[in-house]
Every structure is written in structure tokens, then in C-alpha cells.
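Presented below is the structure to which this report refers.
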Amino acid sequence: MPAVGVIRPPGGTAGDADPVNNAQTDKSADRLIALSDGIFAIAMTLLVLDVRVEPGLDSAGFHDAVRGVLPDLGAYGLSFMILAGFWRDHRRLTPLVHRTGRLSVLLELVWLCAIALLPFPTSLLSEYASQPLAVTIYAGAVTITNLLELAWLHAGRSGPRGAGRTDPDAERVVRSVTADLSATALVFGVSIVLAYTASAPTALWSWLALFPIRFVLGRRSRAARPKPSP
């Protein structure tokens with residue numbers, strides 16, 4: 001895994017030029033990256049543990065078991081895509097976070113705690129998708145995880161080390177990820193209300209709204225990129 005250091009703006013303060021402080025900051029960032037990669041790998045692996053068919057079944061029982069495992073596969077696929085998105089965004093954002101102070105590290109650890117917990121609401125969703133409470137727990141977990149990543153990002157880019165945020169490419173990435181995380185949190189947050197005011201299946205179907213929303217956000221992000229000069 002390549003080491004990802006902390007971006008330092010040119011013309012920083014004397015504290016930024018301190019090689020000892022810089023080395024300690026780089027080491028802290030690298031350790032957090034290694035920790036997050038390990039947690040993501042474990043969480044993604046735990047998702048698949050509920051996808052199984054009991055041995056020793058006759059033909060009719062086997063076909064019933066395969067049909068019964070389809071909700072588990074759906075919940076697994078959904079959560080795997082969500083975790084993959086979080087992992088991708090984290091790898092994109094880590095080089096753009098200028099601070100590894102106490103607040104930033106605390107928010108990242110709480111965010112990783114939410115990541116590690118996601119297999120539990122995934123198991124609930126696969127078994128009780130028709131129950132509003134199960135949908136609420138899952139949607140709430142995804143919403144909170146998105147908001148925690150947003151808080152970590154903006155806490156890490158605040159303060160003196162955020163002076164280098166004038167890089168247009170970095171700002172474009174931050175705006176794009178912020179819009180994506182905010183939209184995801186909004187959609188899953190609204191689905192909590194729908195689970196009780198409409199029905200649990202309606203809340204589940206509402207998650208499909210993310211596809212057109214992300215399509216529009218992606219087009220806007222690509223349109224904002226500077227066109228290469230001829």
C-alpha cells in the first residue's frame with residue numbers, strides 16, 4: 001500500500017516546517033489508513049457469512065433454500081456496494097485532509113466503528129426486510145456513517161493546515177464527495193420516515209432514487225472539470 005502523507009501548503013508556518021512534527025503526522029496518517037483498510041476488509045468479509053445454504057437437503061428443500069437465500073444476497077450486494085463507496089471516498093479524501101488532530105482522529109475512529117457495525121444491520125435487513133424497524137436500523141446506520149465521514153472530512157480540512165485548500169482539483173474532489181455523501185444521507189434519512197408513514201417495501205424502493213441523483217451529480221462534476229487547452 002503506498003504511503004499517503006499529509007498535504008502541506010507552500011509557505012507554511014515554522015511549525016509546518018518542523019521535520020519531527022511532519023514525520024509524526026505522516027506516520028499517524030499512514031497508521032489510520034492501514035487501520036481503515038483492515039476494518040473495511042473484515043466488514044466486507046463478514047457480510048457474506050449470512051449467505052449460506054444448509055447441507056443435506058433433498059431436491060425440494062434445496063430449491064426452497066436457494067430461493068430463501070436471495071434476500072441475503074440482495075442485502076450483501078447492497079452493503080458491499082455501500083462499503084466499497086465509503087472505501088473509495090476515503091482513499092480519495094485522505095490525501096486532502098490536512099490535519100490529524102484529536103478531533104479529526106476521533107471522528108475517523110467513530111466513523112470506522114460505524115463501518116465495522118454495518119454487517120449487523122445488513123443481517124437484520126436480509127431477515128426482516130418487511131419490518132419498518134429493521135429498515136430503520138439499516139437506513140439509520142448508513143445515514144450516520146455518511147454524516148460521520150462528512151464531519152471527518154471538514155474537520156480535517158479546517159484550521160491552519162487547510163491553507164492549501166486553494167488547489168482547484170482538490171476542491172473539486174471535496175465538493176463532489178460532499179454532494180454524494182449528503183445526497184446518500186438524505187435519501188436514507190427520508191426512507192426512515194417512509195418506513196413508518198408508508199411501508200417498509202416503499203422505503204426500500206426509495207433507495208433507488210440514488211441512481212438518478214448520482215448520475216446528475218456525476219454529470220455536474222464532469223462538467224465542472226476544466227477543459228484541456230487545444
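The values are calculated or read from the model by the stated rules, or taken from the named source; none is laboratory data. This structure is a prediction, so every number in the text was calculated from the model and none was measured. Quick reminder, even Gly has a Cβ in these numbers, built from the backbone with ideal geometry, and neighbours come from all protein chains shown. When the accessible area is computed, the model is the full protein with side chains, heavy atoms only, and any ligands, DNA or RNA have been set aside. Shrake-Rupley method; radii C 1.70, N 1.55, O 1.52, S 1.80 Å.
If you plug the beta carbon distance of residue 213 and residue 178 into 1/(1 + (r/R0)^6) with R0 = 22 Å, you get a FRET efficiency near 0.95.
Using only Cα atoms, figure out Rg for the range 60-199 and give it as a multiple of 2.2 N^0.38 Å.
Relative to the 2.2 N^0.38 Å estimate, the range 60-199 comes out at 1.24.
Shown is the FRET efficiency for residue 198 and residue 167, computed with R0 = 45 Å from the Cβ-Cβ distance and rounded to the nearest 0.05: 0.50. Here the range 26-146 is treated with +1 on each Lys and Arg Cβ and -1 on each Asp and Glu Cβ, and its dipole about the Cα centre works out to around 640 debye. Measuring r between the beta carbons of residue 88 and residue 58 and using R0 = 35 Å, the FRET efficiency lands at 0.20.
In plain terms, the chain from residue 51 to residue 222 could stretch by 57.8 nm, reckoned as 0.36 nm per residue minus the Cα-Cα distance. Of 115, 82, 144, the order by accessible heavy-atom surface (1.4 Å probe, DNA, RNA and ligands excluded), from most exposed downward, is 144, 82, 115.
Measuring with a 1.4 angstrom probe and ignoring ligands and nucleic acids, residue 154 comes out at about 90 Å² accessible.
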